[in-house]
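The next block holds one structure in the form of structure tokens; read it before the comments.
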Amino acid sequence: MMSRPQSVKKSPGRKPVKANTRAAGNTGHSWFGQLFQQHQSVAVDSLSRLLQEPGASFLTWSVIGIALALPLCLFLFLQNLQQLNTSLDDAGNISLFMDLAIDEQALEAARLEILALSEVEEVTVITSTQALIEFQEASGFGNALDGLDENPLPAVLIVNPATDDIESLPALSARLQTIAGVDLALVDLDWMRRLYGIIAMAERLTGGLALLLCLGVVLAIGNTVRLAIENRRDEIVVVKLVGGTDAYVSRPFLYTGIWFGVGGGVVAGILAITAFMTMSGPFSRLMALYNSDFSLSWLGVSDLLSLLLVAGGLGLAGAWLSVLRHLRQIEPS
Amino acid sequence: MITFDSVSKRYPGGYEALTNIDFHLKEGEFAFLTGHSGAGKSTLLKLIMQMEKASAGQVFVYGKNLNRMSRRQLPYFRRNIGVVFQDHQLLFDRNVFENVALPLMVTGYDSREAARRVRAALDKVGLLKKENQNPIALSGGEQQRVGIARAVVNKPVLLLADEPTGNLDPELSAEIMNLFGQFNQVGTSVLIATHDLGLIDRQRHRVLTLDKGALIAGNSDTSAVSEHDE
């Protein structure tokens, strides 16, 4: 095999050929610094590629933005509903209707006794006279009441419990019932239970809807990234031929996915803020009709940041799915 | 540098591109691979690059058994091989400099060191002044030289070329061959697939001849220089 003199010339003093190991010739920067620099340039490059086709990119961003805006608005609505619920302080109050015959001293004694309970935060007294005046003003039956000899309305103690837990109210109510002079302890739990029920259902609905729409966003971004991969097929082939790793080849597409997600998040944020600006005027007029100064709470900075984070994460997930599925199929041939 | 041990390649569908190939290319050697089109030249190069897997037999490249190479190791393996294609495989969405820099970029080279190496490679192929141009604006010969600069920029131990002078006139072909000779002189092993027999005649190098997938000449070092009988 070795008999013929070789026509190969070697330069004098050349060391035996040795295969380069990875990244030979790296100088200066640390491994981490280089990785950071690489990621930074890929991130910038991916974004500028999207901005080079503003029409197509904006369309994708809008699709993602609309899909994200719906659960976002529902979430905000829900948050406001819960706040509205806690702002309705008297919702969890217990009304104590006193014996008709009770005198002022006994009423005061009952008030003090109740106030001494640890479960009670505040007790408001409505005397029978006050109740009568209020009733006459509010009900429109004033004239009918004038015809009565006696005040038919009992004095009422309104007990504001220290706890927010409505399920503990029946026990407290039963205890208050035993106090001398209390004719009837009434706690209206039904409508609160209904409200809580509605909120719980809306939470589930929002959760389910958000899950579905997020899945839609992941798939939409995955499909868009698939097209981007197809468009850069030649480049992928060449990069693989010159020794680009799968990680290197995937990186621009993963960043593309992140940018699609983040851009969609920005659109969703703008849509949600617009929706709330449109809503807040009519809403505060509606609240004014209920003598409430309750106003809609807005998206905070931290909400917006987490929106962008979630949107970027969804984009990354979609791109990752696409890269996993399609990038391996593109091989030099 | 390269050893083929009873290598066959059968494509799906039953077409046998290579049959029982045995040869050894030494470190620092310069050899031509020739034969009619369809003889299996490209397939042989693809086996070396791991663009295709051998159906039977074993391929060793700088001591690595390619049959045992995992997908994960493949990119690192390819970084030691420079390849020049007949169709250049240049990217027209970036300039000449960026095309040549690609093999360095994938290894995470320091950008200043990379720039130095890219300019050295472009200088070698005489295109230093065109580094900012898009390769689409260059002539065929110039594009091929950009491809060569990209193939050698990370100083590979092995240089493969598939019909590198395919579309070039004789004068340009000679120039390109001269370049390959220069890289070989500094120790790079070179294997060039070509059917340009005139070109081979002018060079005094070993010639491997394929015919219908079989190696009919040049498979041992005893083969005479330019032993081809077409």
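Coordinate-derived values only; no laboratory data. Bear in mind that the values here come from a model prediction, so they are computed numbers and not experimental data. Ideal geometry is used to build each Cβ from the backbone, glycine not excepted, and the neighbour counts take in all protein chains shown.
Distances between placed amide hydrogens fall under 5 Å for B:ASP110 paired with A:THR27, all partners being 5 or more residues away or on another chain. Near the amide H of B:GLY187, within less than 5 Å, lie the amide hydrogens of A:SER11, all on another chain or at least 5 residues away, with H placed in the peptide plane. Mean partner shielding of peptide A:241-252, defined as the number of other chain Cβ atoms within 10 Å of each residue Cβ, is 6. Using every pair of distinct Cα positions in the stretch B:7-110, the Kirkwood expression returns a hydrodynamic radius of 15.8 angstrom. Among A:TRP320, A:TRP31, a tally of other beta-carbon atoms within 10 Å of each Cβ gives an order, fewest to most, of A:TRP31, A:TRP320. Each residue of the stretch B:35-40 was assigned a 3J(HN,Hα) from its phi angle through the Karplus expression (A = 6.51, B = -1.76, C = 1.60, θ = phi - 60°), giving x, 5, 5, x, 6, x Hz with x at Gly and Pro. Put a dot 7 Å past the Cα of A:SER333, heading toward its Cβ, do the same for A:LEU211, and the two dots end up 4.0 nm apart. Just so you know, the Cα atoms of the stretch A:100-180 work out to an Rg and Dmax of 15.0, 43 Å.
Shape class for the stretch A:100-248: prolate, because the ratio a/c of the largest to smallest gyration tensor axis (alpha-carbon atoms, square roots of eigenvalues) is 1.5 or more and a/b beats b/c. Between helix B:170-185 and chain B there is an angle of about 80 degrees, using the helix long axis and the longest principal axis of the Cα atoms. Model label sites at A:GLU137 and B:ASP93, defined 7 Å from Cα along the beta-carbon direction, differ in position by 7.4 nm. Summarising the amide proton neighbourhood of B:GLU52: residues at separation of 5 or more, or on other chains, whose placed amide H is nearer than 5 Å comprise B:LEU47. Modelled this way, with points 7 Å down the Cα-to-C-beta line, the labels at B:ARG72 and A:LEU51 are 3.8 nm from one another. Fully extending the segment from A:VAL44 to A:LEU78, taken as 0.36 nm per residue of separation minus the present Cα-Cα distance, adds 8.5 nm. With neighbours defined as other Cβ atoms within 10 Å of a residue's Cβ, the residues A:LEU286, A:LEU107 order from fewest to most as A:LEU286, A:LEU107. For the protein assembly as shown, the Kirkwood hydrodynamic radius comes to 30.5 Å, computed from all pairs of different C-alpha atoms. Where the centre of each part is set by its Cα atoms, how far does the stretch A:250-270 sit from the stretch A:93-109, in angstrom? Between the Cα centres of the stretch A:250-270 and the stretch A:93-109 lies a distance of 65 Å. Phi angles of the stretch A:218-232 translate, via the Karplus equation with coefficients 6.51, -1.76, 1.60 and θ = phi - 60°, into HN-Hα couplings of 4, 5, 4, 5, x, 5, 5, 5, 4, 5, 4, 5, 4, 5, 10 Hz per residue; Gly and Pro are given as x. In terms of surrounding Cβ atoms within a 10 Å radius of their Cβ, B:ASP110, B:ASP93 rank from fewest to most as B:ASP93, B:ASP110. Between 0 and 90 degrees, the angle of helix B:96-105 with respect to the longest Cα principal axis of chain B falls at about 60 degrees. Applying 1/(1 + (r/R0)^6) with R0 = 25 Å to the Cβ-Cβ distance of A:GLU119 and A:ASP190 gives a FRET efficiency near 0.75. The helix-based estimate of mean residue ellipticity at 222 nm for the protein assembly as shown, built from -39,500 (n - 2.57) per DSSP H run of four or more residues and divided by its residue count, is -17000 deg cm²/dmol to the nearest 500.
Between the Cα long axis of helix B:111-124 and the first principal axis of chain B there is an angle of about 70°, rounded to the nearest 10.
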